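S.K.: Supplied in structure tokens, the structure appears directly below.
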Amino acid sequence: MRLYDTQRSGNAWKVRLLAGLVGVDLPRVTLSIDRGDLRDPAFLMRNPLGMVPVLELDDGRTISESLAILHYLAGGTPFWPAQTFAQAQVLTWLSFEQAQHMHPLAQLRLHLSLHRDRRAEDDDMVRCRAQALHALAVLDGQLARQGAHGWVATAGRPSIADVALYPYTRFASMGGIDIARFVHLPPWLARIEALPGYQPLFPGRPDLNFSTVELRE
Ligand SMILES: N[C@@H](CCC(=O)N[C@@H](CS)C(=O)NCC(=O)O)C(=O)O
């Protein structure tokens, strides 16, 4: 099994994070968007959408979309609960992540920190900021309901909902959002970072979680 990713992809970070938490060794094939690797015909055979992450199984079959990969890797582990009701709760928050959370936070990080091709005052960035603040407020409210040491979907223990929501919440400051304005988010991020097997964005380098440059291979 191997993971196609890019160095700074938050969606691929979800997968590497879960692999670390469940103790799965996941070799990486790290591609570069700037080099055009995601438009390469060989990569498009693996994922016609031209996006990472992609998980390639040993028999050559592939799974794309971060949440589908998380579901695949979490099967049989506590990160995918056994009870149907708890599974439904997890799916609710995974759906929230894709529909409301990831996109505005990713756009802010991409344009204000990585590409630096927009100003915070630009209309689309103002819109993304409002959407991101709303999503973070919803997440903060959910964590408040789950109690002081609770997790997003399953109060008693972390699930793939926590894993999926972690990277782009962690990146919020790169989009100009001060996470400290939300009472419950910083301790939840710290709880995830204290889990055995936690993986930073760059292996062994938690100081590079907010890196704006690709490291040379
Ligand atoms: N819904 C997808 C989104 C994946 C996604 O946006 N991947 C980005 C990297 S984080 C990508 O591959 N972008 C390619 C491009 O911008 O050309 C998921 O959750 O996996």
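The values are calculated or read from the model by the stated rules, or taken from the named source; none is laboratory data. All values reported here derive from a predicted model rather than from experimental measurement. Cβ atoms come from the backbone with ideal geometry, glycine included; neighbour counts cover every protein chain shown. Side chains are part of the model used for accessible areas, which takes the heavy atoms of the whole protein and leaves out ligands, DNA and RNA. Shrake-Rupley method; radii C 1.70, N 1.55, O 1.52, S 1.80 Å.
S.K.: Could you please find all residues in segment 178-211 being in a helix (DSSP H, G or I), free of Cβ contacts under 8 Å to residues at least 12 places away in the same chain and under 18 Å from S9 (Cβ atoms)?
M.R.: L208
S.K.: Right, here's the next one. Quick one: in segment 29-42, of everything that is more than 10 Å from the ligand (Cβ to nearest atom) and in a helix (DSSP H, G or I), which residue is nearest to Y4 (Cα to Cα)?
M.R.: A42
S.K.: Can A120 be described as surrounded by fewer than 17 Cβ atoms within 10 Å (Cβ to Cβ) and within 30 Å of L215 (Cβ to Cβ)?
M.R.: So A120 passes the test.
S.K.: Taking the options L70, L26, name whichever one is crowded, with 16+ Cβ neighbours inside 10 Å, outside any helix (DSSP H, G or I) and in contact with a Lys or Arg (Cβ under 7 Å, 6 or more places away or on another chain).
M.R.: Working: L70 fails: outside any helix (DSSP H, G or I).
Being crowded, with 16+ Cβ neighbours inside 10 Å, outside any helix (DSSP H, G or I) and in contact with a Lys or Arg (Cβ under 7 Å, 6 or more places away or on another chain) holds for just one of L70, L26, which is L26.
S.K.: Right, something else. Can you pull out every residue in segment 178-203 that is modelled with pLDDT under 95 and exposed (fewer than 13 other Cβ atoms within 10 Å of the Cβ)?
M.R.: P203
S.K.: Same structure again: Under 15 Å from the mean Cα position of the chain (by Cα) and not in a helix (DSSP H, G or I), is that true of Y166?
M.R.: No.
S.K.: Got a number for residues in segment 81-94 being part of a helix (DSSP H, G or I), without any contact (Cβ under 8 Å) to a residue 40 or more places away in the chain and either loosely packed, with under 13 Cβ neighbours inside 10 Å or over 18 Å from the mean Cα position of the chain (by Cα) (or both)?
M.R.: Number satisfying all stated conditions: 4.
S.K.: Right, another one. From the list P78, P104, P53, pick out the single residue that is touching a residue at least 12 places away in the same chain (Cβ under 8 Å) and open to solvent by 40 Å² or more (accessible area, probe 1.4 Å). Write out each step before concluding.
M.R.: Numbers: P104 fails: open to solvent by 40 Å² or more (accessible area, probe 1.4 Å); P53 fails: open to solvent by 40 Å² or more (accessible area, probe 1.4 Å).
Selected residue: P78, the only one of P78, P104, P53 that is touching a residue at least 12 places away in the same chain (Cβ under 8 Å) and open to solvent by 40 Å² or more (accessible area, probe 1.4 Å).
S.K.: Scan segment 9-19 and give yes if some residue there is buried (at least 17 other Cβ atoms within 10 Å of the Cβ), assigned to a loop (DSSP other than H, G, I, E, B), within 16 Å of the ligand (Cβ to nearest atom) and of a type in the set (S, T, N, Q), otherwise no. Give the derivation first.
M.R.: Taking segment 9-19 and keeping what is buried (at least 17 other Cβ atoms within 10 Å of the Cβ), we get 9-19.
Retained after the next criterion (residues that are assigned to a loop (DSSP other than H, G, I, E, B)): 9.
Pick out the ones that are also within 16 Å of the ligand (Cβ to nearest atom) and you get 9.
Of the ones still in play, those that are also of a type in the set (S, T, N, Q) are 9.
Yes, segment 9-19 has at least one match.
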